[in-house]
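This report refers to the structure that appears directly beneath it.
Every read-out reported here was derived from the displayed coordinates using simple, explicitly stated rules and does not represent laboratory data. Source: prediction; values computed, not measured. Here the Cβ positions follow ideal geometry from the backbone for every residue, glycine too, while neighbour counts run over all protein chains shown.
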Amino acid sequence: MSLNGSAVIVGAYEHPGRRLPGHTLAGVHRDVVAGALADAGLSITDVDGFFTDSSAPGFGVIDLVQHLGMQCTYTESSEMGGASYVAYVGHAAAAIAAGKCRVAVISLAGLPAQRQRVSPPDTPPPAAAYQVNGYSGGYGPVADYAVLARRHMHEFGTTSEQLAWVKVASSRHAALNPHAFLRDEVTVDDVLGSSLIADPLHKLDCCVVTDGGGALVVVHPDVARELGRSGATLRGQGESHKASLAGDVDLTYSANRRSGELAFAEAGITAEQVRYASLYDSFTITVLVALEDLGFCSRGTAGSFVQDGGLVSGTGRLAVNTDGGGLSSNHPGNRGGMTKVIEAVRQLRGEAHPALQVPDLEFAVASGTGFRLSTNHYSSTIVLERFA
Amino acid sequence: MTHHFPGGLPTPRPVIEPDAEPWWDAAGRGELTVPYCEACGRPFWYPRGFCPRCGSTGVVWRPATGEGTVYSYTVVRRAAEPWGSHTPFVLAYVTLDEGVTVQTNIVDCSSDVLEPGLRVRAVFERADDADLPVLRFTPVDPVH
């Protein structure tokens, strides 16, 4: 069974907030689900499938499903970190194709700036005993990506200036997004002049920490045609796990390589046909690795691909993260996959900022990675086509 | 500016899987071993009682040379406790001469020599006698 054409994203909503004191996770879920359903022209009583991650308040998804007033015949709360919401689009399409549901809602809510974060698991993973972090305090995720950046520099001659260009492009996009957390345009020198967190990554190589969330409505194509709302047809989805834990370590590529191959194969198109991509940008290096893994440029060349505004919409080589991405706009709940799908849908609908809209866009890609790229991570990639 | 990264980093108490006790017993004597799969013949990391590639439970624990090469590294300048009071410190991947790559720290090392390709040797650190030995590495040829 192929998922090509099996479902359509007809609703997409991003919470406008970035700092939400006084809010609860259940409240943010309610806000974004209502927003996405209103965008689609559907109501909560139409929903029969619900997908969210393991940070949902209460027991699994069940408490949230009853709180929101849904009658579901299909639910899922598998945890893939920031990749979850990209993967859920495929999982929802599979459930729809199997007849398990017809109107699926995917929801994300997070309040990390309010310190409402999920506690680490009580039981550390078995690898922790042989690593220096485990779950016992750790050295933070920045260091985990910094070792990727160092290796990319060592093997391919990538420079800190090239990494900084990813942030510069995102800041130029965010300057046009009234909801972006950081709206000031920055220069390469600004990035290189910001404090080092873990060499070679500076503070401005890192994504923002924001409250908020978002939701998607994924429906059977028959439902989409009845609604008459534009959207995005799922053409392909892939996902993959990559770990280094047998002792074979190659930090120069990620699980995006396999998830991208699967998604493009299912869609029957290639990266050359894609003029907009939402690429996970937890850190600047995350984008470089994804560009190579997904085939937007060849291995080792992402540094020159992104420099001199390569990712700026309209003038660059490829329009990437036109909402400002996680680096400048939003990374709600420390999980970036949701906003990646939302901006891809905006672009396919022609609802991105006019100055950043890719004209006559037919195909878009959204890709997310979850957990830590240097050790154990998961990826999902989707290929979407304009649905009018 | 040259910086010297000292030893004495935190050694949080890990949870030990029972099937990896041979590795910890050797580490307690200051000996680095590497698990090899008897079925497919290859070394693997991290230690466990089965081969993550083929699933065989025929595992032998062979003494390692204790030397390896830095694959990549970072200097961590901001971290939560118990690491925060030890910044800056070095997080690295080291490829052992046996072929497996290990996530670790580089200690007692000068910033002048720190780069991928640096030759290092294993040391075991424990912040307290009650702690378990944690595998770390230091330059084979220290430059101070």
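Taking the three principal axes of the alpha carbon atoms in region B:16-64, the coordinate ranges are 29, 21, 14 Å, sorted in descending order. The mean number of partner chain beta-carbon atoms within 10 angstrom of a residue's beta-carbon across peptide B:88-98 is 3. As a length-normalised measure over Cα pairs under 8 Å and 6 or more apart, the relative contact order of chain B settles at 27 percent. Partners of residue A:167 within straight-line reach, counting lysines whose Cα lies under 25 Å from its Cα and excluding those fewer than 8 residues away in the same chain: A:203, A:340. Legend: P(r) of region A:210-303 from all alpha carbon pair distances, 10 Å bins from 0, whole percents, reading 13, 36, 32, 15, 3, 0. For region A:3-10, 3J(HN,Hα) computed residue by residue from phi via the Karplus equation (6.51, -1.76, 1.60; θ = phi - 60°) reads 8, 4, x, 7, 7, 10, 7, 10 Hz, glycine and proline entered as x. Label-to-label distance for residue B:16 and residue A:161 is 5.3 nm, based on points extended 7 Å past Cα in the beta-carbon direction.
Over the Cα atoms of region B:65-144, the radius of gyration divided by the Kirkwood radius equals 0.96; this is the Rg/Rh ratio.
Computed from the Cα positions only, the extents of region B:13-131 along the three principal axes stand at 42, 33, 23 Å, in decreasing order.
Report, in degrees rounded to the nearest 10, the 0 to 90 angle that the Cα long axis of helix A:337-349 makes with the longest principal axis of chain A. Roughly 70 degrees between the two axes.
Per residue of the protein assembly as shown, the DSSP helices (runs of n ≥ 4 H) give a summed -39500 (n - 2.57) that works out to -7500 deg cm²/dmol at 222 nm. Paramagnetic label reach from residue A:78 (point 7 Å along Cα→Cβ; backbone nitrogen cut-off under 18 Å): within region A:353-379, residues A:367-372, A:376-379. Between region A:15-59 and region B:57-132, the alpha-carbon centres lie 44 Å apart.
Once the Cα atoms are used to define both axes, helix A:256-267 deviates from the longest principal axis of chain A by about 40 degrees.
When peptides A:375-381, B:131-137 are sorted by average Cβ neighbour count within 10 Å, with the highest value leading, the order is A:375-381, B:131-137. As a rough footprinting exposure proxy, the listed residues A:342, A:269, A:382 were ranked by other beta carbons within 10 Å of their own, and the order from fewest upward is A:269, A:342, A:382. Once you reduce region A:255-333 and region A:163-179 to the center of their Cα atoms, the two points are 14 Å from each other. Between residue A:2 and residue A:301, the distance separating the two model label sites (each 7 Å from Cα on the Cα→Cβ line) works out to 2.8 nm. Highest average first, the peptides B:92-98, A:246-252 ordered by how many other beta carbon atoms sit within 10 Å of their residues are B:92-98, A:246-252.
Quote to one decimal, in nm, the extra length available between residue A:66 and residue A:272 on full extension: 0.36 nm per residue of separation minus the C-alpha distance between them. Fully extending the segment from residue A:66 to residue A:272 adds 69.7 nm. Per-residue shielding of A:197-206, expressed as the average number of other chain Cβ atoms within 10 Å of the residue Cβ, stands at 3. Inverting the pair-averaged 1/r between distinct Cα atoms of region A:147-243 gives 17.1 Å as its Kirkwood hydrodynamic radius. Taking every DSSP beta bridge that has both ends in chain A, the antiparallel portion is near 75%.
Coordinate range of the alpha-carbon atoms in the protein assembly as shown per principal axis, descending: 71, 48, 47 Å. Among the residues of B:74-87, the average count of other protein chain beta-carbon atoms within 10 Å of the residue beta-carbon is 6. Computed over chain A, relative contact order equals 26 percent, with contacts defined as Cα pairs under 8 Å that lie 6+ residues apart. Here the peptides A:326-334, A:87-95 are ranked by packing, the mean other Cβ count within 10 Å, and the order with the highest first is A:326-334, A:87-95. Against the longest alpha carbon principal axis of chain A, how many degrees, from 0 to 90 and to the nearest 10, is the axis of helix A:284-293 turned? Taking the Cα atoms of chain A, the angle to A:284-293 is about 70 degrees.
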